[in-house]
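Working notes for the structure below.
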Amino acid sequence: MPTAPDAEFSTLLEDSAEDLYESAPCGHLSTLMDGGIAKVNATLLDWLGLDRGAVVGRMRFTDLLTVGGKLYHETHFAPLLRMQGELRGIALEMKGSDGRRLPVLVSSTIKYGGRGEPLLIRTTVFDASDRRAYETELLRRRQEAERARAEAERARRQAEADRERLTAALAALQRSLIPSALPAVPGLETAVHYHTANPDRLGGDFYDLFSLEDGRWAFFLGDVCGKGPEAAALTSLTRYALRAAAVHDPDPVAALTTLNAVLHEQYTAAGDPRYCTAVFGVVEPGTGGGPATVHLASGGHPPALVVRTDGRTEFLHTPGGLLLGILPDAPLTAARTVLDPGDTLLLYTDGLTEARTGPTRRSLFGDDALRAFAARHAPATPQEMIGALAVLLEGFGDGLDDDTALLALGVPPTRPPAHSAPNPG
């Protein structure tokens, strides 16, 4: 006759696989490749306060995430999962039916068919609330220690001296990552501006303009992920890769394709994903002050803005361009335009359009405001447009929390702009 402990153990063995799945101490769900939820266990439903009938076949995995979680899933989690087949211990946030946020650690694996085709995604979710609380407490104690150290006058003076030296070193390094001045281009006017949001850290914005030795000129402007020394290294690699690519084949799509391959091989394929956005173009100035032709392509970057001499403005849309470096093959599309005398082409990084005009991130400057701003200042030479935008950037104050690079190209007008002051008679 079995003893009491043996009986209890036998009872445990009688649990069905379905019981173990539904009552597991972690969340389980299976989704189709498009994210549609096909199966979910009771544990995860209880955590989120959701009903199975409202979830299975009706919601996608991203519907369970917060806004920030959705963005991270689309830009990082999903691309890496498709490339690697599995991801482990990724920190995300889910949202409950009552609006509360649930910090979680997510691991996902793709299940493949007999012919190697992806069939579904199996995901395990662990409650990370205790870990988040521990990290918050750890951060609080670290801040208290830092404030205590800052109270000592001698330490404060030393820290200030160190900060000044660091700022000078960062400024020197930042200048080495971008041209000190743009070259003179026959038949074109050019202007550039770089606004550093925080002098204590290296930015990731970059630009360049250089001759192709056949009467044409190449230009590019972009933004790498991250800040600090790692961003500086990525910026340097990006600039030199684009210059080298232009020597081999200056076609904008070809140049950005080469950059994507370089970044993917150097970082993402090695398990350390890094990426950037960039616009690369080629301009051919006209002769005798005539129109200039522009051919450009974009990899995940805000569209270039053309400001016409008659006051019209238009974005050169390049749809479908993905972040460069994430996937081995990045679909890219090109755009063309002609700059007549008095027209200006403006390139910019998202520090401009994502500047806060209110107290929260919901109040951003945006594309429409930029277009309206340019129209109010048209017609404008590159120098005039960049000067006006530089004043605008300063006016954002604390609302400008990201570095911003501006590059403008234009054909000199055949007559003074309509808003120019008359010559004294």
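Here are the numbers for the structure shown:
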item: Positions within region 355-399 being closer than 26 Å to Glu189 by Cα and of a type in the set (D, E, K, R), in sequence order; result: Asp367, Asp368, Arg371, Arg376, Glu384, Glu394
item: Filter pass, Val306 being touching an Asp or Glu at 6+ places or on another chain (Cβ under 8 Å), in contact (Cβ under 8 Å) with a residue 12 or more places away in the chain and surrounded by fewer than 22 Cβ atoms within 10 Å (Cβ to Cβ); result: yes
item: Residue that is nearest to Ala304 (Cα to Cα), among those in region 211-237 that are modelled with pLDDT of 85 or more and aliphatic (A, V, I, L, M); result: Leu221
item: Filtered residues of region 330-354 (kept if modelled with pLDDT of 90 or more, under 18 Å from Ala255 (Cβ atoms) and outside any strand (DSSP E or B)); result: Leu332
item: Any pair with Cβ under 9 angstrom, 6 or more apart, that starts in region 325-345 at a residue that is farther than 11 Å from Leu256 by Cα and ends at one that is acidic (Asp, Glu) and open to solvent by less than 30 Å² (accessible area, probe 1.4 Å); result: Thr337/Asp343
item: Candidates Thr381, Thr318, Thr349 - the one that is free of Cβ contacts under 8 Å to residues at least 60 places away in the same chain and among the β-branched types (Val, Ile, Thr); result: Thr318
item: Only listed residue being under 22 Å from Thr333 (Cβ atoms) and either part of a strand (DSSP E or B) or open to solvent by 50 Å² or more (accessible area, probe 1.4 Å) (or both), chosen from Phe219, Phe210; result: Phe219
item: Residue among Val262, Val247, Val224 that is open to solvent by 30 Å² or more (accessible area, probe 1.4 Å) and under 30 Å from Glu86 (Cα atoms); result: Val262
item: Count - residues of region 114-125 that are free of Cβ contacts under 8 Å to residues at least 60 places away in the same chain and within 13 Å of Leu32 (Cβ to Cβ); result: 1
item: Residue ID - modelled with the highest pLDDT, chosen from residues in region 3-49 that are farther than 21 Å from Ser108 by Cα and not in a helix (DSSP H, G or I); result: Gly49
item: Close pairs from region 62-82: first outside any helix (DSSP H, G or I), partner not aliphatic (A, V, I, L, M), Cβ under 8 Å, at least 6 apart; result: Leu65/His73; Leu65/Glu93; Leu65/Lys95; Thr66/Glu93; Thr66/Lys95; Thr66/Arg101
item: Residues being farther than 22 Å from Gly271 by Cβ, of a type in the set (D, E, K, R) and open to solvent by 70 Å² or more (accessible area, probe 1.4 Å) - total across region 85-121; result: 6
item: Cross-chain or 6+ apart pairs with Cβ under 7 Å, region 283-300 first and part of a strand (DSSP E or B), then surrounded by fewer than 22 Cβ atoms within 10 Å (Cβ to Cβ) and among the acidic types (Asp, Glu); result: Ala292/Glu284; Thr293/Glu284
item: Single unsatisfied condition, Thr62 versus (1) open to solvent by 50 Å² or more (accessible area, probe 1.4 Å); (2) touching a helix residue (DSSP H, G or I) at 6+ places or on another chain (Cβ under 7 Å); (3) of a type in the set (Val, Ile, Thr); result: (1)
item: Only listed residue being of a type in the set (S, T, N, Q), part of a loop (DSSP other than H, G, I, E, B) and either more than 22 Å from the chain's Cα centre (by Cα) or under 23 Å from Ala78 (Cα atoms) (or both), chosen from Thr360, Thr309; result: Thr309
item: Qualifying positions in region 377-405 - at pLDDT below 95, among the charged types (D, E, K, R) and either surrounded by 16 or more Cβ atoms within 10 Å (Cβ to Cβ) or not in a loop (DSSP other than H, G, I, E, B) (or both); result: Glu394, Asp398, Asp402, Asp403
item: Within region 65-84, considering residues that are farther than 14 Å from Thr109 by Cα and either of a type in the set (Ser, Thr, Tyr) or open to solvent by 90 Å² or more (accessible area, probe 1.4 Å) (or both), the one nearest to the chain's Cα centre (by Cα); result: Thr75
item: Candidates Arg361, Arg376, Arg371, filtered to the one that is basic (Lys, Arg) and touching a strand residue (DSSP E or B) at 6+ places or on another chain (Cβ under 7 Å); result: Arg371
item: Residue that is modelled with the highest pLDDT [pool: residues in region 195-207 that are farther than 21 Å from Ala245 by Cα and not in a strand (DSSP E or B)]; result: Thr196
item: Scan of region 313-329 for residues that are at pLDDT below 90 and either surrounded by 13 or more Cβ atoms within 10 Å (Cβ to Cβ) or not in a loop (DSSP other than H, G, I, E, B) (or both), ordered by number; result: Thr318, Gly321, Leu322
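The values are calculated or read from the model by the stated rules, or taken from the named source; none is laboratory data. For clarity, every value in this text was computed on a predicted model and none was experimentally measured. No Cβ is skipped: glycine too gets one built from the backbone with ideal geometry, and neighbour counts run over all protein chains shown. Accessible surface areas use protein heavy atoms only, side chains included; no ligands, DNA or RNA. Shrake-Rupley method; radii C 1.70, N 1.55, O 1.52, S 1.80 Å.
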